[in-house]
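Presented below is the structure to which this report refers.
Nothing in this text is a laboratory measurement; each read-out follows from the coordinates by a stated rule. Being a predicted model, the structure only gives us computed values, none of them experimental. Ideal geometry is used to build each Cβ from the backbone, glycine not excepted, and the neighbour counts take in all protein chains shown.
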Amino acid sequence: MSDVLVGIDPRDLSVPALVWAADESGRRGARLRLVAAVSPGRDRLAYGATAHQSSLRVRAESALANAEDLVQELHSGLWTATELVDGTPAAVLYERTRGAALAVVGSRRLGRAAEVLSEGSVVVPLTARAHCPVVVIREPEHTAVHPPMVVVGVDGSRDCRAAVAFAAAEASLREARLMAVWVRPRPLPARGDESEDLAGHRRLLAESVAGCAERHPDVDIEQVIMRGHPVEELTRASREALAVVVGRRGRGGHSGMRLGSTVHGLLHRAACPVITVPLPGGGGTDGAPSGADRSRSPTDRPAPQD
């Protein structure tokens, strides 16, 4: 079983992201891999850089230890591994997404420009390039809604089919229903036959979810067509969801863009975790910097002390 990867920010540990990742590891029976990255101090003089880097590593080691302790309190016996690596966080996590089941990060709620340009930004760079689905914990799950619901955005693209397959599997894991949502733009004046247009969207929506019922007969799949803007309507649906799942690019971008406009909008507005799914084999190149990997399985945990 592939790892569930979670980024640990030494400056501000995202407890919701850590808890989400630990719960998901438990559901999947997978190892939880906690990774902290220490960025190089490029803007410091040589004589101060070593001390600064050492201080950052101490903070990162402490954050990893605290995170692992919290995970074991929540899920005693969960198989965990911790890793401290030198490098920028987005690059370090990206290099570890090949072969991972999921990558989970918290949202620092940066503005759009800061998410793209800041050296410490993780959400947009990782979501745009990761080899595996990326989960951004911006808001908590809505667990009080019964039956629980996973929402997936559908637009007929290849990306959305991968998202639908992932969302159906996730709904099955969580014993939740799946709402597949196709958002139609508002009609233009003097447009053609409205009923024919709606029938075409219904057909495409049905084609996009075809096969899910056979693969996951335990999941109740609801197909919904809405009018409006995709970000607005999916944000509205996210207010009652465990997660909203979307393809990485869909039809909202053009050749060369790694993230579609809907993904960008949801990362800043969704009211629940956002899961972005790449096409199979849609990541970047290989590579892995050196780092200390410390793995703990249920059988080698130290005995509790009084």
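At-a-glance table
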| item | result |
| --- | --- |
| Linear extension gain, Ala199 paired with Thr50, 0.36 nm per residue minus alpha-carbon span | 47.2 nm |
| Potential extension, Arg215-Ser62 segment - 0.36 nm per residue separation minus Cα distance | 50.8 nm |
| Long-range amide H partners of Val104 with built H, under 5 Å | Leu5, Val6, Gly7, Val135 |
| Under-5 Å amide H pairs with Val38, H placed in peptide plane, nonlocal only | Val85, Asp86, Gly87 |
| Full-extension gain in nm, Ser261 to Glu139, via 0.36 nm per residue minus C-alpha separation | 42.0 nm |
| Other-chain or far-sequence residues with amide H under 5 Å of Ala243's (modelled H) | Val151 |
| 3J(HN,Hα) from dihedral phi, the stretch 204-219, Karplus parametrisation 6.51/-1.76/1.60, rounded to Hz, x for glycine, proline | 5, 5, 4, 5, 5, 9, 4, x, 5, 4, 5, 6, 9, x, 7, 9 |
| Ile225-Arg28 pseudo-label distance in nm [points 7 Å out on the Cα-to-Cβ vector] | 3.5 |
